[in-house]
Structure formats: structure tokens, C-alpha cells
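The values are calculated or read from the model by the stated rules, or taken from the named source; none is laboratory data. Keep in mind that this is a model prediction, so the values were computed, not measured. Cβ placement follows ideal geometry from the backbone for every residue including glycine, while neighbour counts extend to all protein chains displayed.
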């Protein structure tokens, strides 16, 4: 295999694996967070507003971990620096 | 109408106008658009304010927005809200406006470009120590970096840098990923699903604006209050 196809293959597979593994952790964490928040709301419905606000902020912070993985896989697929380097090498 | 190609990340590469070294891309144009909407809207509304019982509906809107932001700041920073109001309010309104306008065809949110979000995060990066220093004084603020002891200094610095990065990438990633999802759905299931996703996008945009601002307030609260808390505890022991 020449270097161009090796770089393409590695980038695509890595992007997929990055997205797949990177979303497991945040998903588990968000599940736990929602579970905790729901049982707290069920126990104390009066505190619903502050609980919901804290829940959303926490969820977004967990979500951002998955978003980092997504950004990296987007860079690997669409704006890959190694790919442009290899193409430039192969072209000239 | 999509003006950003599907294999471009962000609207930075869509160039409207280029002359020598000046290039005006879509990010700049839409940032200017939002600035114009906010500035002209505020000028028009505040031109004739009334203090009586009757007021225009626009003044009512502005009073609701300002009152809500002020009470949120009061709740989180727990301080006089007016000092932080101009900075935090501007950040919130700018991000909110840029995220919410995405349902207009042909519009690309400037926050879906990493340059805009990095600029906002760098503003926060410089504003937090500024507020901390004006509140506590330079020496007291710098002492925070060596708490609980000297070994923690590099970790504090690393924390400041990484939270700036995460602020920028979080906003950028959320908005950009949403635009990509809509673009892909447009290619796969054209009619109904993209509309539903756009409705979800409004929620995500408002939530991300809120989260950006809440995190900024939490950082400002940490920079201005932590020492007071410690001193208070110290006094309590005696």
C-alpha cells in the first residue's frame, strides 16, 4: 500500500473509533446525572428550578467531552493536516 | 440555501470580498450583522423610555431581558451585579443572537467558526483576572495561584489555559456539529427531519449561550470570592 492510502485508511478508521469510544463515557455520565437529578426532583419538587439549571450546565459540560472527540474526528475527515502533507509529497 | 460547503469546517473559508490583504469572509459579515442588529435595536428602543405605568412593548422586552440577566448574575456571583452586567450581558446577547438567527436561510452562525469562539474565550481569559484584581488587589489575587501551597502553581496556570480552550471548543463544536448534522440530513431525508433538527438547534443554541455565560460567571465568582471565603472561615475559627 502506498502512503496516501495508508493515511486515508488510518484517518477514517481513527475518526470512527474516536467518535465511538468518545461517546461512551459521556453517555454513561449523562445517564447517571439525569438519574440523580430526576430522583432529587421527585423528592423535592420545590427545588426543581435550581436542580434543572445545575443539571443542564452539568450535562453540557459532559457533552463537551463528546464534542471534543467529534471535533477531532471532523478534523481527521475534512481538514486532515497529514493528508495535505502526503498529497503535496505525492504531487511534487 | 447552504453557503458553507459540507466539507468545510466553519464559515471562515467563504469569502465575500477580497482586496489585497483585506479579505472579508462570512464570519466577519455575519458578526457585523449581529452587532448592527443589537446596537441599532437597543438605540431605537432606548430612545424614548418611559418611567410611568404605560410603556412600549419593546421597552417591556428589554426590561425583561435586563432584569433576568441581572438577577442571574446576582444569584451566581452573589455580588453587586452592575459591575459585571455590561460584560456578561453583552456576551450573552451576542452568542444568543448569533445562535438563534440560524433559522434564517443563508445565515451561518459566526459561533460555528473557531475564530469567533476563541475571541470570546480570550475575552473571558483576560476579564476574569481583571475583575479579580480590581476586587482583591494584585497581591491578594496572585496569592490565589499559590494556594494551598507552591506546588499547585503550574496546575492553576494549566487550569486557566485549559478552561479557556474548553470554552472556545465547546461553543464551536456544538454549533458546528449541529450545522453539519443538518447538512447531512438534508442530503439523506430532505423534507421533514431537517426542520425538526433546526427546532432542536434553537434549544441547543440558547442552552450553549446560557452555559457559556454561566461558566464565565462561575470563573469570575471564583476569582473574586475565594479569598473572602477563606478569610471568613479563618475568622470563624477564632
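Assorted remarks:
- Condition met for residue A:4 (more than 11 Å from every other protein chain (Cβ to nearest Cβ), more than 27 Å from residue B:205 (Cα to Cα), surrounded by fewer than 15 Cβ atoms within 10 Å (Cβ to Cβ) and in contact (Cβ under 8 Å) with a residue 12 or more places away in the chain): yes
- Residues in the stretch A:64-92 that are more than 10 Å from chain B (Cβ to nearest Cβ), surrounded by fewer than 16 Cβ atoms within 10 Å (Cβ to Cβ) and either in contact with a strand residue (DSSP E or B) (Cβ under 7 Å, 6 or more places away or on another chain) or in a helix (DSSP H, G or I) (or both): A:81, A:82, A:84, A:85, A:87, A:88, A:89, A:90, A:91.
- Considering residues of the stretch B:87-139 that are outside any helix (DSSP H, G or I) and without any contact (Cβ under 8 Å) to a residue 24 or more places away in the chain only, the residue farthest from the chain's Cα centre (by Cα): B:137
Per-residue answers, yes or no, for (1) surrounded by 14 or more Cβ atoms within 10 Å (Cβ to Cβ); (2) within 18 Å of residue B:204 (Cα to Cα); (3) modelled with pLDDT under 90:
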position	(1), (2), (3)
B:106	no, no, yes
B:114	yes, yes, yes
B:122	no, no, no
B:128	yes, no, no
B:138	no, no, yes
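- Within the stretch B:197-230, tally of residues that are under 15 Å from the mean Cα position of the chain (by Cα) and within 14 Å of chain A (Cβ to nearest Cβ): 16
- The listed residue being assigned to a loop (DSSP other than H, G, I, E, B), surrounded by fewer than 20 Cβ atoms within 10 Å (Cβ to Cβ) and away from chain A (no Cβ under 14 Å), out of B:194, B:154, B:148: B:148
- Qualifying residue in the stretch B:167-184 (condition: away from chain A (no Cβ under 14 Å) and surrounded by fewer than 17 Cβ atoms within 10 Å (Cβ to Cβ)): no
- Scanning the stretch B:1-14 for any residue that is out of contact with any helix residue (DSSP H, G or I) (no Cβ under 9 Å at 6 or more places or on another chain), away from chain A (no Cβ under 14 Å) and in contact (Cβ under 8 Å) with a residue 24 or more places away in the chain turns up at least one such residue.
- Selection status of residue A:59, in a helix (DSSP H, G or I), within 25 Å of residue B:214 (Cα to Cα) and either touching a strand residue (DSSP E or B) at 6+ places or on another chain (Cβ under 8 Å) or modelled with pLDDT of 90 or more (or both): no
- The residues of the stretch B:118-155 include none that are on the phi > 0 side of the Ramachandran plot and in contact with a helix residue (DSSP H, G or I) (Cβ under 7 Å, 6 or more places away or on another chain).
- Contacts under 6 angstrom Cβ, first residue in the stretch B:45-64 being assigned to a loop (DSSP other than H, G, I, E, B), partner loosely packed, with under 12 Cβ neighbours inside 10 Å, 6 or more apart: none
- Every condition in (1) out of contact with any strand residue (DSSP E or B) (no Cβ under 8 Å at 6 or more places or on another chain); (2) more than 26 Å from residue B:131 (Cα to Cα); (3) assigned to a helix (DSSP H, G or I) is met by residue B:29 except one, and the failing one is (1).
- Residues (exposed (fewer than 13 other Cβ atoms within 10 Å of the Cβ) and within 13 Å of another protein chain (Cβ to nearest Cβ)) located in the stretch A:12-63: A:49, A:50, A:52
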